[in-house]
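Just so it is clear, none of the values below were taken in a lab; they were calculated from the coordinates. Not measured: the values here are computed from a predicted model. As a convention, Cβ positions derive from the backbone with ideal geometry for all residues, glycine included, and neighbour counts pool all protein chains shown.
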Number of protein chains: 2
Amino acid sequence: MGHGGGGVLSAELVEHVFAPAFGGPVLSSLADSAAVTLGGARLAFSTDSYVVRPLFFPGGSIGDLAVNGTVNDLAMSGARAAYLSCGFILEEGVETALVARVAEALGAAARAAGVEVATGDTKVVEAGHGDGIYLNTAGIGLIPDGVDIRPQRAAPGDVVLVSGPIGVHGIAVMSVREGLEFGVGVESDCAALGGLVEAMLAVTPDLHVLRDPTRGGLATALGEIAAAASVGVVVDERNLPVPEPVANACAVLGLDPMYVANEGKLVAFVPRAHADAVLEAMRAHPLGAGATVIGECVTDHPGMVVARTGLGGTRVVDLPLGEQLPRIC
Amino acid sequence: MGHGGGGVLSAELVEHVFAPAFGGPVLSSLADSAAVTLGGARLAFSTDSYVVRPLFFPGGSIGDLAVNGTVNDLAMSGARAAYLSCGFILEEGVETALVARVAEALGAAARAAGVEVATGDTKVVEAGHGDGIYLNTAGIGLIPDGVDIRPQRAAPGDVVLVSGPIGVHGIAVMSVREGLEFGVGVESDCAALGGLVEAMLAVTPDLHVLRDPTRGGLATALGEIAAAASVGVVVDERNLPVPEPVANACAVLGLDPMYVANEGKLVAFVPRAHADAVLEAMRAHPLGAGATVIGECVTDHPGMVVARTGLGGTRVVDLPLGEQLPRIC
């Protein structure tokens, strides 16, 4: 299960199995989305499959995730998503009414994100070879001129921002997972971040890195950036925006909120000269109202993320081996 | 199971569930791939999920299908595939060596087709909620200037061509399906048709319709074109290129080869003035060596496909309700 969790085991699968088999310079850049050129247009291109369980959870559904997850991967290249593809893998016996509810959620999320579902496919597998509905979406969008956002561009001196409270999606899904139900009163933050990124790019096209900390949470996003750019990252734990219900649930479950999945948040590495103005633009956007500075990029300990703790000490923030709980998205 | 078979039940799901939920003018065109414009570039965009069983079959694998199926959907818009996305849904416990074999087959097929795997994703589901490996690919490619190939352009007078022997892929997969094994000595025709389409477009950009007759076979492809363009289609059964092993297997299994899936064939509707030259160009290409005229497009019986039988009579060729055998691709 760990190979799908977005952590070290996932990275090993990509590095040792997929990258050598597929080859190609684009895939090996390991960003959330690929930047490709076609017919003179600079495009972002990305895909994700969605196997979340349950299909509906507080604040969203697999249909919302399938739109927002892929739209956000494109946004992390600075691209506004234009078109999505959508593939359904249905398990024999799934109610048509349930398929319709998911399709309606997906359609509504697409309209909210301003993206068009342009092409699709449906397959059906026998009962016992699926789990109701699995979805895949791929998306394409245009990267604006002068924008070059990718993990390798993180540079010492960059200010590290996060767009709002962390850990909400993961805790919301866990709270309704069978065998684990608990009352927590948080809803998933699942949202499309294209508009927020546009507002940030209006301040400066020179954003260095954007990443949506989904599987593996903020810790994994920061660790991958530190490794890709060979820079150090220092985070001040006291500045991490962790909502109280998330902190309480994490305490009970023995989880670290830095490793819990988000679906409507982004982390940004911004040159210090633009950091205040970008933070102001984020806070002026509904999806960035809780934006805050959480750390900085340094020359020390390249490839490593270090957290300053509340007690004045520091600790190393490792990449997780797998996901704390599988099938969170 | 029928809702995934590519026949009437699949069409109903698209028409009554997905199209209303997603909306949008592009999806409703119901072609193999969508034609979209982005940054001034005319792009074909398509997706398919692959759930074939078994994963390896005579002449190919799920990795070959995942490349060639999506490359061919793009080719049916006249586009040469440039970039693919690839999503793996792995079942817990699947051997890493098997994943690697599939990835290698996929990579080799991509290199053969001249397309780059640019972005990917992996999810893992618990044992009993998958079937080893499911794949999804989406693809993008550039549509050449002056090319407008879609089902609605079929016109009375068009000559209907097929690029070679039909029914081979479906019979090859059926012959190794558990519970149904039979010796047949045919290998899947799975292949990427981008080069063949380029050779046809070099004769004239004015090809009216291209379709790869996968799920539901030639009958379904012709029926969908007749319905989309409100034209009649007449096929001469005696001219259908059915290899003897396929004909024999179909006779034993009680199948009509016109409904059996292909993965490396195309059907073309070509204006009569260009038909001879296009046929000649197809025959000069390795993947079109067996190309032949199978019928014509008429004003009679709009929306209906009629076959002239060997006995001098005619019969209506209906859309199938579902697939004869599920999970053929």
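In whole Å, what is the distance between the alpha-carbon centres of region B:143-167 and region B:290-329? A separation of 15 Å, based on Cα centres. The phi torsions of region B:317-329, fed into the Karplus equation with coefficients 6.51, -1.76 and 1.60 and a -60° offset, translate into couplings of 9, 7, 5, x, 6, x, 9, 4, 9, x, 6, 8, 8 Hz, rounded to whole numbers, with Gly and Pro shown as x.
Scanning residues 5 or more positions from B:Gly164 or on other chains, those with amide H under 5 Å from its amide H are B:Leu266, B:Thr292, with H placed 1.01 Å from N in the peptide plane. Taken one residue at a time, the phi angles of region B:125-139 give Karplus couplings (6.51, -1.76, 1.60, θ = phi - 60°) of 10, 5, 3, x, 10, x, 8, x, 9, 10, 10, 10, 10, 10, x Hz. Gly and Pro are set to x.
Counting only DSSP beta bridges with both residues in the protein assembly as shown, the antiparallel share comes to about 75 percent.
Does region B:230-329 classify as rounded, prolate or oblate by the C-alpha gyration tensor (a ≥ b ≥ c root eigenvalues; a/c under 1.5 gives rounded; else a/b over b/c gives prolate, otherwise oblate)? It would help to have the intermediate numbers written out before the result.
Details: a/c = 1.65, a/b = 1.16, b/c = 1.42.
Oblate, since a/c reaches 1.5 and b/c is not below a/b.
The charge dipole of region A:149-212, taken about its Cα centre with unit charges on the Cβ atoms of Lys, Arg (+1), Asp and Glu (-1) only, comes to about 240 debye. For B:Arg80, the residues whose amide H sits under 5 Å from its own are B:Leu142, ignoring neighbours fewer than 5 places away on the same chain, with H placed 1.01 Å from N.
Counting, for every residue in A:81-93, the Cβ atoms of other protein chains within 10 Å of its Cβ and taking the mean gives 6. Helix screen, chain B: DSSP H segments with Cα axial length of 24 Å or more and mean Kyte-Doolittle hydropathy at least 1.0 are B:96-113.
Helix-only arithmetic for chain A: the sum of -39500 (n - 2.57) across DSSP H runs with n ≥ 4, divided by the residue total, places the mean residue ellipticity at 222 nm at -8500 deg cm²/dmol. Given the options A:Thr204, A:Thr47, A:Thr122, state which has the largest fluctuation in a GNM of chain A using a 10 Å cut-off (strictly under) for Cα springs. Top of the fluctuation ranking is A:Thr122.
Each DSSP beta bridge with both residues in chain A is either parallel or antiparallel, and the antiparallel ones are about 75%. Comparing A:Pro213, A:Pro20, A:Pro58 in a Gaussian network model of chain A where C-alpha atoms under 10 Å apart are linked, the largest mean-square fluctuation is found at A:Pro20. If you wrap the Cα atoms of chain B in a convex hull and average its projected area over all directions, you get 16.6 nm². The HN-Hα couplings worked out from phi for region A:146-160 by the Karplus form 6.51 cos²θ - 1.76 cosθ + 1.60 (θ = phi - 60°) are x, 9, 9, 9, 7, x, 5, 8, 4, 9, x, x, 4, 8, 9 Hz, whole numbers, x standing for Gly and Pro.
Relative to the current alpha-carbon distance between A:Ala100 and A:Arg283, full extension at 0.36 nm per residue lengthens the span by 62.3 nm.
Length, then width, then depth: along the principal axes, the Cα atoms of the protein assembly as shown run 91, 49, 41 Å.
As a test, work out the antiparallel percent of DSSP beta bridges whose residues both lie in region B:2-142, rounded to the nearest 5.
Values: 25 of 34 bridges.
Beta bridges within region B:2-142, antiparallel portion: roughly 75 percent.
For B:Asp236 and B:Leu321 in the same chain, what is the full-extension length gain: residue separation times 0.36 nm, less their Cα-Cα distance, in nm?
28.3 nm
Sparsely packed loop sites in region A:62-127 (the GluC sites (Glu not before Pro) outside DSSP H, G, I, E and B with at most 10 other Cβ atoms within 10 Å) comprise A:Glu95.
Would you please classify the overall shape of region B:2-142 from the alpha carbon gyration tensor, given that a ≥ b ≥ c denote the square roots of the eigenvalues, rounded means a/c under 1.5, and beyond that prolate means a/b larger than b/c while oblate covers the rest?
Working: a/c = 1.96, a/b = 1.28, b/c = 1.53.
Oblate is the answer for region B:2-142, as a/c is 1.5 or above yet b/c matches or exceeds a/b.
Pairs of alpha-carbon atoms within less than 8 angstrom and 6+ residues apart define the contacts here; what relative contact order does region A:2-142 have, in percent? Intermediate results must be reported in sequence, preceding the final value.
On the way: 236 pairs, mean separation 43.2, N = 141.
Relative contact order comes out at 31 percent.
Basic side chains Lys and Arg get +1 at the Cβ, acidic Asp and Glu get -1 at the Cβ, and with that the dipole of the protein assembly as shown about its Cα centre reaches some 660 debye.
Can you give the FRET efficiency to the nearest 0.05 for A:Glu198 and B:Asp256, using r as the Cβ-Cβ distance and R₀ = 51 Å? With a Förster radius of 51 Å, E is 0.40.
Charged side chains reduced to their Cβ positions (Lys and Arg at +1, Asp and Glu at -1) give region B:2-142 a dipole of some 460 debye around its Cα centre. Between the C-alpha center of region B:54-100 and that of region A:178-201 there is a gap of 32 Å. Short-range pairs are left out: with C-alpha atoms under 8 Å and at least six residues apart, the relative contact order of chain B is 25 percent.
Amide hydrogen proximity for B:Val209: with H placed 1.01 Å from N in the peptide plane, the residues at 5 or more positions away or on another chain lying under 5 Å are B:Phe269.
What is region B:151-317 by shape, rounded, prolate or oblate, if you read a ≥ b ≥ c off the alpha carbon gyration tensor as root eigenvalues and call it rounded for a/c under 1.5, prolate for a/b larger than b/c, and oblate otherwise? Don't skip to the end; give the middle numbers.
Working: a/c = 1.99, a/b = 1.32, b/c = 1.51.
Oblate, since a/c reaches 1.5 and b/c is not below a/b.
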